[in-house]
Amino acid sequence: MHSNSKKALYEERSRLSERESQIYEMLRGMPNDSHTDRQIMVRLGFSEPNQVRPRITELINKGLLMECGNTKCLETRKTVRLVKLYSDNNQMEMF
């Protein structure tokens, strides 16, 4: 990752809301795993998908997360997105 990209990423991470930071840090602990919005909701102890869904979308728009596919939700039986940490090589560079 280019040093300018690292600097921009660091600056963006410092401006995250509390909930964005919770989501980002949880996923940072599992950099190669993908999750649905509902899985993130449950893992963080929330009871409503809308407590995480908008923040996940914001993290995608900020370039910190990426959509990496779709899956069938076991609870709703609907097709839902999978997200994971953004990286050029599917591996987030930790610094």
* For the peptides 53-59, 29-35, 17-23, 72-78, what is the packing order when you average, over each peptide's residues, the other Cβ atoms within 10 Å and list the highest mean first? -> 53-59, 17-23, 29-35, 72-78
* Structure fact -> With Rg from the Cα atoms and Rh as the Kirkwood inverse mean 1/r over Cα pairs, the range 3-85 has an Rg/Rh of 0.98
* To do: Pull out the extension gain between residue 62 and residue 77, defined as 0.36 nm times the separation in residues minus the alpha carbon to alpha carbon distance; nm, one decimal.
  => 2.5 nm
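The numbers here are math on the coordinates, done by the rules we state, and not lab data. Predicted model, so just to flag it, every value in this text is computed and none were measured. Note: ideal-geometry Cβ built from the backbone for every residue, glycine included; neighbour counts use all protein chains shown.
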